[in-house]
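The values are calculated or read from the model by the stated rules, or taken from the named source; none is laboratory data. Not measured: the values here are computed from a predicted model. Ligands, DNA and RNA are excluded from the accessible area calculation, which covers all protein heavy atoms including side chains. Shrake-Rupley method; radii C 1.70, N 1.55, O 1.52, S 1.80 Å.
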Amino acid sequence: RGAPRWKATKMAGLTLAKYTAVSVTVAAGAILHAWSMRQQLYPTMVLLTTNKTLLVVLGNFALSVMLCMGKLVKVTFLGDLRESEVERLHDRMKETVMEMCIAMTIFREEFSFSFIRYFSFL
């Protein structure tokens, strides 16, 4: 049967629920930190969209939300899948992510927050 497949959903005990909980906690802390520094909405939003560390934290939060939405869509529309179907789904997702990364390198001159936002909607 071969070596056991590496499970992406349980990397070293990290489940999607734990990852999302940590991501929400860190994002909430980052937003509260930005609010405590500026104490007004507009300057806080400017800080959140210009500070690179805060952008990474918010991007990580967005990734966890997208993973949860993907799992919800999979459970809602596909239900229980066989192991071969799950493997094929993962392979297709890897190909899609690689194609998106290659497409982003083509448009690297227009690389901005709005570009990432529109690209993630695809």
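Before moving on, here are some points about what is shown:
- Protein heavy-atom surface of the stretch 44-122, 1.4 angstrom probe: 68% of the accessible area is carbon and sulfur, with nucleic acids and ligands not counted.
- In order along the stretch 83-97, the Karplus-derived 3J(HN,Hα) couplings, from 6.51 cos²θ - 1.76 cosθ + 1.60 at θ = phi - 60°, round to 4, 5, 5, 5, 4, 5, 4, 5, 4, 5, 5, 4, 4, 5, 5 Hz, and Gly and Pro are given as x.
- The length gained by stretching the chain between residue 52 and residue 33 to full extension, at 0.36 nm per residue less their Cα-Cα distance, is 5.4 nm.
- Rounded to whole Hz, the Karplus (6.51, -1.76, 1.60) HN-Hα couplings of the stretch 24-36, x for glycine and proline: 5, 5, 5, 5, 5, x, 5, 5, 5, 5, 5, 5, 5
- Heavy-atom accessible area for residue 121, with the other protein chains in place and a 1.4 Å probe, reaches approximately 150 Å².
- For the chain, the relative contact order is 21 percent, taking Cα pairs closer than 8 Å that sit 6 or more residues apart in sequence and dividing their mean separation by the residue count.
- GNM top mover of 103, 28, 17 - the chain, alpha-carbon springs below 10 Å: 103
- A straight chain from residue 95 to residue 76 at 0.36 nm per residue would run longer than the Cα-Cα distance by 4.5 nm.
- Of the whole protein surface, residue 106 contributes about 110 Å² of accessible area at a 1.4 Å probe radius.
- Note on exposure: 104, 98 ranked by accessible area (1.4 Å probe, complete protein assembly) read 98, 104, with the most exposed listed first.
- Nonlocal Lys pairs with alpha-carbon distance under 24 Å, the chain (8 or more apart, or different chains): 13
- For residue 92, the accessible area of its heavy atoms, probed at 1.4 Å with every protein chain present, is near 130 square angstrom.
- With helices as the sole contributors, the chain gives -24500 deg cm²/dmol at 222 nm; each DSSP H run of n ≥ 4 counts as -39500 (n - 2.57), and the sum is divided by every residue.
- Accessible area (Å², per residue) of the stretch 6-122, counting only protein heavy atoms and a probe of 1.4 Å: 80
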